[in-house]
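Student: The structure is given below, and queries will be raised subsequently.
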Amino acid sequence: MKPRPPTGRRLANLVVSLSAGASALIGIVILFWITIIVVIRGFGALNLAFFTQMPTPPGVGGGGLANAIVGTLVLTMVATLLALPLGLLAGIYLAEFGGEARAADYSRFSANVLMGMPSIIVGVFAYAMVVVPLGHFCGYAGGLALAILMLPVVTRTTEDMLRLVPNTLREAALALGAPRWRVILAVVFRAAKAGLITGTLLAVARVSGETAPLLFTALNSPYMMTSLGQPTPNLPVTIFNYAMSPYPDWQQKAWGASLLITGGVLALTLLTRYILGERKR
Amino acid sequence: MKSLSATLALPITAGLDETKATEDTLTATLGDLKIIASQLNFFYGDQQALFDNNLEIARNRVTAIIGPSGCGKSTHIRIYNRIYELYHDQRASGQIILDGQNILDPSYDVMELRRKVGMIFQKPTPFPMSVFDNVAYGLKMHYRLRRGELADRVEEALSRAAIWDEVKDVLRNPGTALSGGQQQRLCIARALAVEPEVLLMDEPTSAIDPIASSRIEKLINDLRSTYTIVIVTHNLQQAARVSDFTAFFYQGHIVEFGPTQKIFTNPVNEQTEAYITGRFG
């Protein structure tokens, strides 16, 4: 029997590897495209006034987004303060106590569902829970919405990171007569430290640019926030408003704000890579 | 010594005629008993791993547990400090009398049990903290100590584990940075620090090099007068070198138990003899 000529196989191989390579390239190109345009268009908007001054009416020029920057930092912080302890404890339950129990399965499943939940729905939920009873938009509702988005990420990362800690370490600590909570806090957490910090930073990065949940909750404001009980200025919604406006100076600010958020998320991501790298060494 | 005859009257035993004589001499040689395990059964889920184990551990002596892989040696000693309770599907029945009290009684304080009965594992398990803190961890948990006392007790424990001279200048370095043999001696120091009465050693030298192993054997020799030591080992020469008494396990049964010298030179049971002479296992 004569072997089949290799032309067909070679051609198929070429087609598959070329299309796979091209698809990968397209992904990278899009990322770079967005980044480069944001940098080019946004860089001009970033100056000292952008960080320190309040917004100006369209056409006036100058001014900055100090209020939105502060607002976004505060909202992210509120969300982290709410979600971090809950998420850590839930992760501890899943990894250390839940085991194969049905309750653990349910909460793991709900965390996964919550993780894939469209953020706008979370926003509507916070709207119904906080904004409607209070009768006005406020920072608390925004912090709550962001916290709900963070919670499953923190929970699942905590569980995964704690599960990476070998049981031999738990046994060694228990064998010294340590109670379970001391084993977890002093030994297991320490062993999983890098992973836990990474998970938290990634969760922060994930919510810091969220817009949809804030539209229904914190809304936005042209003033410096004085309390979380009022509409709270923030970068994502500011980008939305300014980018949609017909005024070139506002559009310019939207580019600046985009660059700031993109840069912030990138910095957090690089920081997590650095922390994980340190651990491996 | 009813339980001992039960031990030797297992289905797979041979040489029952000699049993009676052995029993009387053994009672005399064992002397003061620290631990009496009787009718121990152990289950991994539905799978029974130990069958009616009866064993007497002499005070301030070294008892070796030998037998082929998977015969239940580690499982047996993991009941002595109830470390198996970490896993929900593992279950033990029977009695282990330590100084007159049944430690398997649920009302027995498991933390105090583990302070009295220390454990050294196959793989060195230094905690992710400094050499000093590794030893101080258990101390701080069980004793209220002033800072100076703590340092003294840490030094004492490290000296007793024959590692002080090697680590006294690196007490602040991470315990994980030590060599494998040093890590194992650090773990021994950590266990000694809380002033246990019994030391369980689960193949303590199988993961470290021969020179480090011989150091640990020497250490066991130094400790034998103060502590009751139970050592599980795959290394028959090691059992012969360090132990006063030896128990031979096979398929979850204790096949033969007696003075080490007798087990190694003149075993009663055919299976023991076959194992000792290297015909199986």
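Student: Scan segment A:184-196 and report the pairs whose first residue is within 11 Å of A:Leu169 (Cβ to Cβ) and whose second residue is of a type in the set (Lys, Arg), with Cβ atoms within less than 8 Å and a gap of 6+ or a chain change.
Tutor: Final answer for the pair search is A:Val187/A:Arg170; A:Val188/A:Arg170.
Student: Can you tell me which residue within segment B:130-149, out of those that are surrounded by fewer than 18 Cβ atoms within 10 Å (Cβ to Cβ) and among the hydrophobic types (A, V, I, L, M, F, W, C), is farthest from B:Gly180 (Cα to Cα)?
Tutor: B:Leu145
Student: If you check B:Ala177, B:Ala212, which single one turns out to be out of contact with any Ser or Thr (no Cβ under 6 Å at 6 or more places or on another chain) and within 13 Å of chain A (Cβ to nearest Cβ)?
Tutor: Of B:Ala177, B:Ala212, the one residue that is out of contact with any Ser or Thr (no Cβ under 6 Å at 6 or more places or on another chain) and within 13 Å of chain A (Cβ to nearest Cβ) is B:Ala177.
Student: Determine whether A:Glu210 is acidic (Asp, Glu) and part of a helix (DSSP H, G or I). Step through it out loud before you land on a result.
Tutor: Numbers: acidic (Asp, Glu): yes; part of a helix (DSSP H, G or I): no.
The answer is no for A:Glu210.
Student: If the requirement is being in contact with a Cys (Cβ under 6 Å, 6 or more places away or on another chain) and over 30 Å from B:Thr176 (Cβ atoms), which of these qualifies: A:Gly229, A:Gly256, A:Gly263?
Tutor: Working: A:Gly256 fails: in contact with a Cys (Cβ under 6 Å, 6 or more places away or on another chain); A:Gly263 fails: in contact with a Cys (Cβ under 6 Å, 6 or more places away or on another chain).
When all the criteria are applied, what remains is A:Gly229.
Student: Among the listed residues A:Gly264, A:Gly256, identify the single one that is in contact with a helix residue (DSSP H, G or I) (Cβ under 7 Å, 6 or more places away or on another chain), over 23 Å from A:Ala79 (Cβ atoms), of a type outside the set (Asp, Glu) and surrounded by 15 or more Cβ atoms within 10 Å (Cβ to Cβ).
Tutor: Of A:Gly264, A:Gly256, the one residue that is in contact with a helix residue (DSSP H, G or I) (Cβ under 7 Å, 6 or more places away or on another chain), over 23 Å from A:Ala79 (Cβ atoms), of a type outside the set (Asp, Glu) and surrounded by 15 or more Cβ atoms within 10 Å (Cβ to Cβ) is A:Gly256.
Student: Output the residue which, of all residues in segment B:68-88 that are touching a residue at least 24 places away in the same chain (Cβ under 8 Å), within 13 Å of chain A (Cβ to nearest Cβ) and more than 14 Å from B:Asn41 (Cα to Cα), is surrounded by the fewest Cβ atoms within 10 Å (Cβ to Cβ).
Tutor: By that ranking, first place goes to B:Glu85.
Student: Let me ask something else about it. For B:Gln95, indicate whether it is more than 22 Å from B:Ile276 (Cβ to Cβ) and more than 14 Å from chain A (Cβ to nearest Cβ).
Tutor: Against the criterion (more than 22 Å from B:Ile276 (Cβ to Cβ) and more than 14 Å from chain A (Cβ to nearest Cβ)), B:Gln95 qualifies.
Student: When the residues of segment B:194-230 are narrowed to those that are of a type in the set (Val, Ile, Thr) and assigned to a loop (DSSP other than H, G, I, E, B), which ends up surrounded by the fewest Cβ atoms within 10 Å (Cβ to Cβ)?
Tutor: B:Thr226
Student: Could you list all residues from segment B:46-67 that are among the hydrophobic types (A, V, I, L, M, F, W, C) and either surrounded by 17 or more Cβ atoms within 10 Å (Cβ to Cβ) or free of Cβ contacts under 8 Å to residues at least 40 places away in the same chain (or both)?
Tutor: B:Ala49, B:Leu50, B:Leu55, B:Ile57, B:Ala58, B:Val62, B:Ala64, B:Ile65, B:Ile66
Student: Residues that are modelled with pLDDT of 90 or more and touching a helix residue (DSSP H, G or I) at 6+ places or on another chain (Cβ under 6 Å): does segment A:14-36 have at least one?
Tutor: No.
Student: Quick check: anything in segment B:135-142 aliphatic (A, V, I, L, M) and either under 17 Å from the mean Cα position of the chain (by Cα) or closer than 22 Å to B:Asn221 by Cα (or both)?
Tutor: yes
Student: When A:Leu164 is evaluated against the numbered criteria (1) at pLDDT below 95; (2) more than 14 Å from chain B (Cβ to nearest Cβ), which criterion, by number, is the only one it fails?
Tutor: Failed condition: (2).
Student: What do you reckon, is B:Gln261 free of Cβ contacts under 8 Å to residues at least 24 places away in the same chain and over 23 Å from B:Arg114 (Cα atoms)?
Tutor: On the way: free of Cβ contacts under 8 Å to residues at least 24 places away in the same chain: yes; over 23 Å from B:Arg114 (Cα atoms): yes.
So B:Gln261 passes the test.
Student: Taking segment A:240-280 as the search range and keeping residues that are of a type in the set (Phe, Trp, Tyr) and modelled with pLDDT of 90 or more, which one is nearest to A:Ala45 (Cα to Cα)?
Tutor: Restricting to residues being of a type in the set (Phe, Trp, Tyr) and modelled with pLDDT of 90 or more, the top hit is A:Trp255.
The values are calculated or read from the model by the stated rules, or taken from the named source; none is laboratory data. Quick caveat: nothing in here was measured; it's all calculated off a predicted structure. Every residue, glycine as well, gets a Cβ built from its backbone with ideal geometry; the counts of neighbours run over all protein chains shown.
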